[in-house]
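Quick note: the coordinates plus some simple rules give every number you see, no bench work behind them. Just so it is clear, the model here is predicted, and its values are computed rather than measured. Every residue, glycine as well, gets a Cβ built from its backbone with ideal geometry; the counts of neighbours run over all protein chains shown.
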Amino acid sequence: MSLTILYQLDIAYRKEAGKINENKASIVSNISYNTSNILLTDSAQFVHNQYAKQLKANKEISKKMLFLDRTKNTRITILDISEKCIKSLYYIDKVKNG
């Protein structure tokens, strides 16, 4: 009878040890998964922040380029008008003075 009890205790112990090992594996798996998620979240946040900075820099560059284009166009327009005025004045002077 005592052997039967010892045998049953051994079986119960092995079952509990198996459950404990399963729980350990589950906990380790969860920790690993959570760590990966944290790292991925940090990486994603970093990429998002870099993208936002890049977008902001691109907008600033676009604004400056637009300003430079407008300035260039204004100068070209002024030069065109000046050239037309000079030609007109030359033509008027030529017609007037023969």
Putting +1 on Lys and Arg Cβ atoms and -1 on Asp and Glu Cβ atoms, find which of Ile61, Val28, Val95 reaches farthest to the positive end of the dipole of the chain. Val95
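Can you list the equivalent-ellipsoid semi-axes of segment 15-88, largest first and in whole Å, using the square root of 5 times each Cα gyration tensor eigenvalue?
Working: eigenvalues 976, 6, 3 Å².
Ellipsoid semi-axes (Å, largest first): 70, 6, 4.
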Find how much the distance from Ile76 to Ile92 grows on full extension, using 0.36 nm per residue of separation minus their present alpha carbon separation; answer in nm with one decimal. 3.4 nm
Among Ser29, Ser88, Ser62, determine the one that fluctuates most according to a GNM of the chain built with springs between C-alpha atoms less than 10 Å apart. Ser88
Candidates Ile61, Ile27, Ile86: whichever shows maximal mean-square fluctuation once the chain is modelled as a Gaussian network with Cα springs under 10 Å: Ile86
Near Lys64, which lysines are there with a Cα under 16 Å away, not counting those fewer than 8 places off in the same chain? Lys56, Lys72
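Is there a quick way to get the dipole size of the chain? I mean about its Cα centre, with the Cβ of Lys and Arg at +1 and of Asp and Glu at -1; what is the value in debye to the nearest 20?
Numbers: 16 positive and 9 negative charges, 177 e Å.
Dipole magnitude for the chain comes out near 840 debye.
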Could you work out how far helix 2-97 tilts from the main Cα principal axis of the chain, as a 0 to 90 degree angle to the nearest 10? 0 degrees
